[in-house]
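Here the structure comes first, spelled out in structure tokens, and everything after it is commentary.
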Amino acid sequence: QVQLVESGGGLVQPGGSLRLSCAASGSIFSINAMGWYRQTPGNQRDLVATITRGGSPGYADSVKGRFTISRENANNTVYLQMNSLKPEDTAVYYCNADVRTAAWKSISRYWGQGTQVTVSS
């Protein structure tokens, strides 16, 4: 129905940068907010950043000033630029999107499959 595919994860040294991408496809009428969460083993999935359809961002305190979220509505894509990465940023990163699949349907949240980010020397 709706698929979210993430890319851009990998291994990076402390202080380095990565850019994550997440493209939504399928039966999409409109997308409201999009966002990024992250999860480490044994812990809950935590919010990293969100962005409204109009482009207003919000960030977790732990990433403010280092991460930047952006989106391209024409391509149903959301990005996460991560700079000054720290070992504690190591996690599986998941994107999500609040999608309406038809004008008369309610909004549902969809998730990507996750991409691993490892920050280590």
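Listed values, structure above:
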quantity: Matching option when the condition is at pLDDT below 95 and among the hydroxyl-bearing types (S, T, Y), among S56, S106; calculated: S106
quantity: Residue selected from region 91-108 under the condition open to solvent by 40 Å² or more (accessible area, probe 1.4 Å) and not aliphatic (A, V, I, L, M), by the criterion nearest to R53 (Cα to Cα); calculated: R100
quantity: Region 73-85 residues that are within 13 Å of R53 (Cβ to Cβ), paired with ones that are part of a loop (DSSP other than H, G, I, E, B) (beta carbon under 9 Å, 6 or more apart); calculated: N73/R53; N73/G55; N76/I28
quantity: Residue match in region 1-13 (condition: touching a Phe, Trp or Tyr at 6+ places or on another chain (Cβ under 7 Å), on the phi < 0 side of the Ramachandran plot and either open to solvent by 30 Å² or more (accessible area, probe 1.4 Å) or aromatic (F, W, Y) (or both)); calculated: yes
quantity: Search result, residues across region 1-34 that are free of Cβ contacts under 8 Å to residues at least 60 places away in the same chain and of a type in the set (D, E, K, R); calculated: none
quantity: Residue match in region 56-64 (condition: in contact (Cβ under 8 Å) with a residue 24 or more places away in the chain and open to solvent by less than 60 Å² (accessible area, probe 1.4 Å)); calculated: yes
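The values are calculated or read from the model by the stated rules, or taken from the named source; none is laboratory data. This one's a predicted model, so the numbers in the text were calculated from it and none came from an experiment. Here the Cβ is made from the backbone with ideal geometry for all residues, glycine too, and neighbour counts use every protein chain on show. Ligands, DNA and RNA are stripped out before the accessible areas are found, and what is left, the full protein with its side chains, is counted by its heavy atoms. Shrake-Rupley method; radii C 1.70, N 1.55, O 1.52, S 1.80 Å.
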